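Have a look at the structure below before the remarks.
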Amino acid sequence: MINFNYVKPSTQKAVTDTLGKDATAQIIAGGTNLVDLMKRGVTAPEKLVDITGLPLKNIEQQKGFVRIGTLALNSEVAESELILKKFPLLAKALNAGASPQLRNMATVGGNMMQRTRCSYFYDTAMPCNKRKAGTGCGALKGYNRMHAIFGTTENCIAVHPSDMCIALVALDAIVVISGKAERRIPFADFHRLAGTNPDKDNTLQRGEMITAIEIPDNDALAKNTVYLKVRDRASYAFALISVAAALDVKDGNIAAVRLAMGGVAHKPWRLTAAENFLKGKVPSTENFKQAAAIAMKDAKGFGHNNFKLKLAPNTIIQALTTVSTQA
Ligand code: SF4
């Protein structure tokens with residue numbers, strides 16, 4: 001680990017000013033991913049900007065939405081009575097991630113900013129375009145069992161590792177970002193596909209920080225929900241495939257449905273076409289199979305991860321079956 005400076009500003013403006021002035025500065029809060037990356041030499045910020053002194057921890061009902069501060073701990077969100085009542089899908093996804101110890105340290109903003117767990121990214125002896133542009137992608141023809149099947153390029157086939165973010169994209173959350181000005185963007189637009197510059201995980205600009213997440217009220221999404229995570233171990237393992245599903249059935253037909261998948265792409269993967277197909281239809285196995293087939297259009301395996309081409313639709317069907325039997 002290289003030497004670095006440490007500052008702990010007492011205002012949001014001081015944080016964003018520092019980030020704007022110093023290209024090598026990085027925010028630290030729980031540090032559950034960043035410290036690992038620094039120890040392994042994957043990243044070497046010259047300045048760490050500790051934001052844990054800022055008042056950005058609240059989880060509160062506001063008019064038409066619930067606002068969660070960027071510093072709310074993953075465990076606090078998962079255990080919040082408000083979240084359990086209004087967005088159980090989010091609590092389920094959070095509890096499927098990491099371990100209790102990590103959830104007690106990791107923040108909402110940090111969860112969003114965590115880097116891929118691609119093993120080539122963490123091994124500084126291996127080529128990796130995300131770690132060092134232009135060096136190639138070790139996973140493309142290497143061991144790629146955990147890697148993406150959607151939205152890939154030959155530059156990078158990594159997946160975003162978060163569970164929480166899969167629920168948030170399904171819930172149409174909004175990301176509140178502050179910098180020179182405050183801006184709000186749909187959660188689906190926060191993370192990005194690798195494209196030609198996989199070093200960039202998201203659309204945050206220099207001098208900006210996440211301050212909160214806002215989830216619009218929607219009672220229909222609180223009734224029947226599941227976060228189905230298929231992984232190598234029963235706990236403390238990243239998703240091979242995960243599906244966040246919420247379903248509302250009225251008069252025998254699907255009135256509202258949300259679907260998103262994890263472990264499949266460089267960003268949380270919303271299944272909009274499958275949702276559109278299901279709306280107004282009867283919640284039947286046949287319709288769930290067709291929705292899964294629609295969701296899998298354009299999926300592509302890279303060898304070791306070809307099993308995901310079968311596991312993903314089966315997980316979608318299982319998740320939809322689970323929520324429909326709750327309805
Ligand atoms: Fe690096 Fe992405 Fe390739 Fe992994 S998949 S080696 S993160 S470029």
I'd like the accessible area for S235: 1.4 Å probe, protein heavy atoms, all chains in place, Å² to the nearest 10. 70 Å²
Solvent exposure of the chain as accessible area per residue, Å², 1.4 Å probe: 44 Å²
Just to confirm the number: angle between the C-alpha axis of helix 12-21 and the first principal axis of the chain, 0 to 90 degrees, nearest 10? 70 degrees
Relative to the longest principal axis of the C-alpha atoms of the chain, give the angle of the C-alpha long axis of helix 308-326, reported between 0 and 90° and rounded to the nearest 10°. 60 degrees
Counting Lys and Arg as +1 and Asp and Glu as -1, each charge on the Cβ, what is the dipole of the chain about the Cα centre in debye, to the nearest 20? 580 debye
Taking the 0 to 90 degree range and rounding to the nearest ten, how far is the long axis of helix 285-295 tilted relative to the main principal axis of the chain, both from C-alpha atoms? 30 degrees
Summed over the other residues with a beta carbon less than 12 angstrom from that of L247, with K and R at +1 and D and E at -1, the charge totals +3
Once the whole set of protein chains is in place, how much accessible area is left on V230, using a 1.4 Å probe, in Å² to the nearest 10? 40 Å²
Local electrostatic count at A93 - Lys and Arg +1, Asp and Glu -1, tallied over other residues with Cβ under 11 Å: +1
Using a 1.4 Å probe on the protein heavy atoms, what percent of the accessible area of the chain belongs to carbon and sulfur? 52 percent
Between A246, N314, A327, whose Cα lies farthest towards the positive end of the dipole of the chain when Lys and Arg beta carbons carry +1 and Asp and Glu beta carbons carry -1, centred on the Cα centre? N314
Among A299, A256, A274 - extreme Cα towards positive end, dipole of segment 225-326, charges at beta-carbon: A299
Rg/Rh for segment 245-292: what does it come to with C-alpha atoms and Rh from Kirkwood? 1.01
Give me the net charge for the shell around L140: Cβ to Cβ below 14 angstrom, other residues only, Lys and Arg +1, Asp and Glu -1. +3
If you wrap a convex hull around the C-alpha atoms of the chain and split its volume per residue, what is the figure in Å³? 126 Å³
Comparing P88, P283, P100 in a Gaussian network model of the chain (Cα, 10 Å), the one with the largest mean-square fluctuation is P100
Could you sort out which of K21/K200; K267/K300; K141/K308; K229/K250; K92/K132 sit more than 25 Å apart by Cα distance in this structure? K229/K250; K92/K132
Taking the Cα centre of segment 225-326 as origin and charging only Cβ (+1 Lys, Arg; -1 Asp, Glu), how large is the dipole, in debye to the nearest 20? 260 debye
Taking every C-alpha to C-alpha distance in segment 225-326 and binning by 10 Å from 0, the per-bin percentages run 16, 51, 27, 6, 0
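The values are calculated or read from the model by the stated rules, or taken from the named source; none is laboratory data. Values in this document were obtained by computation on a predicted structure and should not be read as measured data. Neighbour counts are summed over all protein chains in view; Cβ atoms, including those assigned to glycine, are modelled from backbone coordinates with ideal geometry. The accessibility values were calculated without ligands, DNA or RNA, using every heavy atom of the protein model including side chains. Shrake-Rupley method; radii C 1.70, N 1.55, O 1.52, S 1.80 Å.
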